[in-house]
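Report on one structure; see the data block that follows.
The values are calculated or read from the model by the stated rules, or taken from the named source; none is laboratory data. This is a predicted model, so every value here is computed, not measured. So basically every Cβ, Gly included, is an ideal-geometry build from the backbone, and we count neighbours across all protein chains shown.
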Amino acid sequence: MQALTATLNKLGERDDGPYLKQLSRHPGQKESRYSHLFSGDVKQISPGDNSSHPEFAKSESNIETEGLEQRVNQLEHTLSQLQQEFWAFTKQFE
């Protein structure tokens, strides 16, 4: 564990810029948490504040995904209606 911590500290203190940073420890967490900085700095969150937590935050891509899911559901519903109408239409000729 000491070797891992030493390596993480070195990555966080590089001369050419840190690659990661240690996050503040929250109640109930045994070990420290780290976040990479390859996509920019990360926002620290306070315990109990799930609104800014990556798993709970609605990012632009999450909103876009939800919009696509709604559109797919709507298209599936329309397709189902068209199939029913088609089957009703073909029954006329039997």
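Restricting the first member to the range 78-94 and to residues that are part of a helix (DSSP H, G or I), and the second to residues that are at pLDDT below 95, no beta-carbon pair is closer than 9 Å while six or more apart or on different chains.
Number of residues in the range 59-84 that are over 30 Å from LYS43 (Cα atoms) and modelled with pLDDT under 90 equals 0.
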